[in-house]
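The values are calculated or read from the model by the stated rules, or taken from the named source; none is laboratory data. Because the structure is predicted, anything quoted here is derived from the model rather than measured. Virtual Cβ from ideal backbone geometry, glycine too; neighbours counted across all protein chains shown. Areas reflect the complete protein model, heavy atoms only, side chains present, ligands, DNA and RNA absent. Shrake-Rupley method; radii C 1.70, N 1.55, O 1.52, S 1.80 Å.
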Amino acid sequence: MPANSFAEYAPEPNPETKKKDVVWFALNEDRPLFAFAGIWTEFKGERGTKSKPIPGPHLVYGFLTTEPNAIVAPIHEKAMPVILTTDEERDVWMRAPWDEAEALQRPLPDDALKIVMRGADKEDKMAA
C-alpha cells in the first residue's frame, strides 16, 4: 500500500490542549513515497452486520506491523508498520517466496524515519 507518511496518537495529552497530539512519521521532511507491506486473502464467510450479512467471497486486506524502532516506540510502544522503501524490497515482497520475503518484516533503522509533524492535525497537509 503506497504512503508517504503515517500517524499515531501521542501517549499523553498535550498540557496546553488537554488532547493527545497526532504525531506524523515520514522518511524525511519531503515525504517521499514508500509502501506498507500488506497481505490479502479471500474470505468465504459473511461480512457486514448481523441484521444485514453480506455473503462472501470477499477480498480482505491488511498491512503488517512489527516491533517499533527507537523513533516510533516513545509514541507507540506496541508496533509500527512494516515499511518498504526501495524497488528491490517491493519486488521481494510481491514476488519472493515467504522464507525470503519474511526478512522484510522488521522495523526500519532508527535513522530512516523522522517525526515530521506533531499537533492536532489529523491530516498531513504537507504530504500533497
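General remarks:
- Some residue of the range 38-46 being outside any strand (DSSP E or B), out of contact with any Asp or Glu (no Cβ under 7 Å at 6 or more places or on another chain) and within 15 Å of ALA3 (Cα to Cα): no
- Within the range 79-86, at least one residue is among the polar types (S, T, N, Q), out of contact with any helix residue (DSSP H, G or I) (no Cβ under 8 Å at 6 or more places or on another chain), closer than 16 Å to PRO2 by Cα and not in a helix (DSSP H, G or I).
- ALA35 vs. criteria over 19 Å from ALA120 (Cβ atoms) and in contact with a helix residue (DSSP H, G or I) (Cβ under 7 Å, 6 or more places away or on another chain): yes
- The condition of being within 15 Å of LEU108 (Cα to Cα) and open to solvent by less than 100 Å² (accessible area, probe 1.4 Å) holds for PHE34.
- Counted residues, the range 114-128 - those being open to solvent by less than 90 Å² (accessible area, probe 1.4 Å) and without any contact (Cβ under 8 Å) to a residue 60 or more places away in the chain: 0
- All conditions but one from (1) in contact with a Ser or Thr (Cβ under 8 Å, 6 or more places away or on another chain); (2) charged (D, E, K, R); (3) closer than 20 Å to ALA10 by Cα apply to GLU77; the one that does not is (1).
- Single unsatisfied condition, GLY119 versus (1) at pLDDT 95 or above; (2) out of contact with any His (no Cβ under 7 Å at 6 or more places or on another chain): (1)
- Residues within the range 40-84 that are over 27 Å from LYS125 (Cα atoms) and in contact with a Gly (Cβ under 6 Å, 6 or more places away or on another chain), tallied: 5
- Search result, residues across the range 73-113 that are under 15 Å from GLU29 (Cβ atoms) and either exposed (fewer than 13 other Cβ atoms within 10 Å of the Cβ) or under 14 Å from the mean Cα position of the chain (by Cα) (or both): ASP111, LEU113
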